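The structure appears below as structure tokens.
The values are calculated or read from the model by the stated rules, or taken from the named source; none is laboratory data. Small disclaimer: the values here were computed from a predicted structure and weren't measured. So basically every Cβ, Gly included, is an ideal-geometry build from the backbone, and we count neighbours across all protein chains shown. Please note that ligands, DNA and RNA were not included when accessible areas were found on the heavy atoms of the full protein model with its side chains. Shrake-Rupley method; radii C 1.70, N 1.55, O 1.52, S 1.80 Å.
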Amino acid sequence: MSNRLIDLQHITKIYDGHKVLDNLNLYFNENKFLTLLGPSGCGKTTTLRILGGFETPDEGCVIFNGEDITALPPNKRQLNTVFQKYALFTHMNIAENIAFGLKISGKSKSYIDDKIKYALKLVNLDGYEKRMPDSLSGGQQQRIAIARAIVNEPKVLLLDEPLGALDLKLRQEMQYELIRMKNELGITFIYVTHDQEEALTMSDTIVVMNQGYIQQIGSPEDIYNEPTNAFVADFIGDSNIFPGIMLEDKVVDLFGIVFPCVDTGFGRNRPVDVVIRPEDVELGAPGEGTVDGVVSHLIFKGVHYEMEVTACGQEWLVQSTKMHPVGETVSIRVDPFNIQIMNKPESEDEEAVVLDV
């Protein structure tokens, strides 16, 4: 099992009287690709900036390898940060950009030359030493920013939405590049994004945040398939989220219709949230499923059709490779294993239990 590398203990950060982070506790293990995911203003970038030393928490401490580094400046930490804005020095060529931190550290010319070649090879830009930043594409500039960070051999690479300025194709290419680099370098990547697909594609572990609180921590599969609350279910991919009544173990009432499920331990006649992913809704001929409805909306998405079906007075979002035209009567069936039951939160800010990551 990986060793614990970073502890964020009871971190609180206040801006203009507003708590951006509220008693945050989070643990990072070595050699993992961990993503902080959430909407704008949820506290993810503030968490990263506190890790990097660019912000100081109002309460709490940052422990790195057993040492309190809360007051340590960024250049004294074994962490390097790559920002969305690449911050390359435009008057320096690529080699000089990559060498900047090494020269400040007093490394020898031969050491620096070797590191430049190694870093450029790692980011698939061999032979670009003499090029100037403004002659490179956005994706190439981002690779140079990453190369400049990794030559300093940080234990942790912090990435603050580094692909946000790239177009879709470049962004997807860079996602695979980052996974490859993480595997080759064997260092910890801590990545901030609001892009759910990016998080699901690259991460070993995802931390979903909202309003300064951690909502859920888990693998991409766990986060997608077993969301702990309605916020996570709604934020990660598309979801049907309906109010229901848990009649007893493995039986839930949705709008007066009984659906079998596999969840237990919620008690009897208990109000719950019911989450059903649109790809898990099966459409068939009228009478074949649990309830009938009418297709009210249809969009072709390339890989699948996205439909809305009105049933029980509710709109059900459905994704299927089989098209059903608007106006057609269909039946809805959902496999019991694909019905996710969740307790209704006591408040919008209800915090999830924080676990080791």
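Look through region 84-132, keep the residues that are of a type in the set (S, T, Y) and in contact (Cβ under 8 Å) with a residue 12 or more places away in the chain, and return whichever of them is surrounded by the fewest Cβ atoms within 10 Å (Cβ to Cβ). Going through the qualifying residues, I end up with T90. Screening region 230-270 for residues that are free of Cβ contacts under 8 Å to residues at least 24 places away in the same chain and among the acidic types (D, E) and picking the one that is nearest to V208 (Cα to Cα) gives D234. Filtering N31, N3, N65 for residues that are open to solvent by 30 Å² or more (accessible area, probe 1.4 Å) and either touching a helix residue (DSSP H, G or I) at 6+ places or on another chain (Cβ under 9 Å) or over 16 Å from V156 (Cβ atoms) (or both) leaves a single hit, N31.
Residue count for region 50-66, restricted to those that are in a helix (DSSP H, G or I) and either free of Cβ contacts under 8 Å to residues at least 24 places away in the same chain or touching a Phe, Trp or Tyr at 6+ places or on another chain (Cβ under 9 Å) (or both): 1. Is it the case that Y176 is in contact with a helix residue (DSSP H, G or I) (Cβ under 9 Å, 6 or more places away or on another chain) and part of a strand (DSSP E or B)? When the stated conditions are applied, Y176 does not pass them.
Sort out which residues of region 264-289 are surrounded by fewer than 18 Cβ atoms within 10 Å (Cβ to Cβ), assigned to a loop (DSSP other than H, G, I, E, B) and among the charged types (D, E, K, R), and write them in order of number. Passing the criteria: R268, E288. Kindly indicate which of V192, V251 is under 30 Å from I112 (Cα atoms) and either of a type in the set (S, T, Y) or in contact with a strand residue (DSSP E or B) (Cβ under 8 Å, 6 or more places away or on another chain) (or both). When all the criteria are applied, what remains is V192. Residue selection: I223 fails the criterion of being in contact with a helix residue (DSSP H, G or I) (Cβ under 9 Å, 6 or more places away or on another chain), among the β-branched types (V, I, T) and in a strand (DSSP E or B). On inspection, I146 qualifies as in a helix (DSSP H, G or I) and either among the aromatic types (F, W, Y) or touching a strand residue (DSSP E or B) at 6+ places or on another chain (Cβ under 7 Å) (or both).
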